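Each remark here refers to the structure printed beneath this line.
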Amino acid sequence: MNTPFTLVFVSLLVLSTIIRIWLGRRHISYVLGHRNQVPAVFASTIALDAHQKAADYSADKTKLMIMEACVQALLLVFLTLGGGLQMIDDIWRTLLPANHIVRGALVICSALLISSIVDLPFDYYKSFVVDEKYGFNKMTPNMFFTDLIKQSIVGLALGAPLLFAALWLMQSAGDYWWLYLWFVWSAFNLLMLAVYPTFIAPLFNKFSPLEDTTLKARIEALLTKCGFKSQGLFVMDGSTRSSHGNAYFTGFGSSKRVVFFDTLLARLNTDEIEAVLAHELGHFKHHHVIKRIAMMFFVSFIGLALLGWLIKQDWFYSGLGVSLQSNYMALILFLLVSPVFLFVLRPIMASYSRKNEFEADDYAAKNANANDLVAALVKLYRDNASTLTPDPLHSAFYDSHPPASIRISKLEAYTHLANIGD
């Protein structure tokens, strides 16, 4: 088992875990070190107690993230080098010695089930301890576990056919199985984008048409101005689970919907809601969603091509603690260990996402009122207890959105330039 690949895998796993812990501790130290002074750009809009609440909330979430990262690393070692996957495979080989596809599906599902069970206490603690402490959790334990059961059923109903198709292609489609699987995977994802808003999302939340006629008229005028066609404007009962607020587009093609959390509508005025929507429309106009889909397809193409090569390499199995080679074992190993090797790309992806956010802000400033977007963001930062003082290095590594101070400063600079132009 002590192969060069084993050493590379262990080294990267240890290094990535150490980096996660180090960045998390930096972030905690930084936000708590700045909790007693509101940043100057927010001094007139956010009270000190709200700023301190955000700092404490961020610190508590990060502590939980550090603990979860350590447990996940230990679980990965157990499943691979510790022989966990091989043990699961041995059990199912005894029970189902002949049917390779069904046995493979059960081995993969067993490994994913173990991972989900390990993650469950962290999800529960996040909702019923951390979020509860700061007044964000609105779920009951019954609702939490009902959602979990629904998610499991939906995941199984959608994932099982895809998994069986993957294993069948790996067994029967020859050397280019990975290319055929890529086509299946791509089609499946496009289908999910189309059906999710109408058939899946309503299983977990209630969506009702937007009834505020004044707001509806403003939004429809903005959508027409920006050339965005949607299936409708909907309000989601986000308040049944959390007091956090948000707005988003969902769907693909003719199934696109504009969705507002009821908590967002309760906090923002009409001008601010229009500005937030203009920001989301900025993502649409800059083709960010399409670019992300294209990037996902490209990455999955490269990943499956790589798996098509790895599946024939003895060292890939032996280096990860597996003695009996199989298609399904190659697949689950690849799914489990690839995040370790892709960890180095995380800051690059975060940087790209922040660039998209700046572009969407710029679009919103041109098609709505930048001051209204600033006012909306300030309310959302305050009400969602988003820290105003993230550690710069932690933020650069993880955050998909720009730090609050930088984002607000850019919008205010845009307003200043616009005023000069007038």
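Coordinate-derived values only; no laboratory data. Values in this document were obtained by computation on a predicted structure and should not be read as measured data. So basically every Cβ, Gly included, is an ideal-geometry build from the backbone, and we count neighbours across all protein chains shown.
How would you classify segment 258-392 from its alpha-carbon gyration tensor, with a ≥ b ≥ c the square roots of the eigenvalues: rounded for a/c under 1.5, else prolate if a/b is greater than b/c, otherwise oblate? Verdict is prolate for segment 258-392. Antiparallel beta bridges, as assigned by DSSP with both residues in the chain, represent about 65 percent of the total such bridges.
To the nearest ten degrees, helix 270-285 and the longest principal axis of the Cα atoms of the chain are 40 degrees apart. Once both labels are positioned 7 Å from their Cα atoms along Cα-to-Cβ, the gap between Ala157 and Val129 label points is 3.4 nm.
Partners of Lys312 within straight-line reach, counting aspartates and glutamates whose Cα lies under 14 Å from its Cα and excluding those fewer than 8 residues away in the same chain: Asp175.
What does the net charge come to around Ala201 if you take all other residues with beta carbon closer than 14 Å to its beta carbon, with K and R at +1 and D and E at -1? Around Ala201, the charge tally is +3. In segment 319-422, inverting the average of 1/r over every pair of distinct C-alpha atoms gives 16.7 Å as the Kirkwood radius.
Based on the alpha-carbon gyration tensor of segment 88-197 and its eigenvalue square roots a ≥ b ≥ c, which shape applies: rounded if a/c is under 1.5, prolate if not and a/b is larger than b/c, or oblate? It is oblate, given that a/c is not under 1.5 and a/b is not larger than b/c.
In this structure, Ser318 and Ile149 have a Cβ-Cβ separation that, at R0 = 41 Å, corresponds to a calculated FRET efficiency of about 0.60.
Principal-axis analysis of the Cα atoms of the chain puts helix 100-125 at an angle of about 40° to the longest axis.
Short to long, the 20 Å bins of the Cα pair-distance histogram for the chain hold 21, 54, 23, 1 percent of all pairs.
For the listed residue pairs Lys150/Lys366; Lys63/Lys216; Lys53/Lys410, the alpha carbons are over 30 angstrom apart in Lys150/Lys366; Lys63/Lys216. Looking at segment 343-422, which trypsin sites (Lys or Arg not before Pro) are in a loop (DSSP not H, G, I, E or B) and have at most 14 other Cβ atoms within 10 Å? Here no trypsin sites (Lys or Arg not before Pro) fit, given the DSSP loop and packing criteria. Between helix 288-310 and the chain there is an angle of about 10 degrees, using the helix long axis and the longest principal axis of the Cα atoms. Summary of packing: across the peptides 207-213, 326-332, the per-residue average of other C-beta atoms within 10 Å ranks them, highest first, as 326-332, 207-213.
Checking the table Lys126/Lys256; Lys138/Lys379; Lys355/Lys379 against a 26 Å threshold on Cα-Cα, which pairs fail? Among Lys126/Lys256; Lys138/Lys379; Lys355/Lys379, the Cα-Cα distance tops 26 Å for Lys126/Lys256. A Förster distance of 41 Å, applied to the separation of the beta-carbon atoms of Ser208 and Trp22, puts the FRET efficiency at 0.35.
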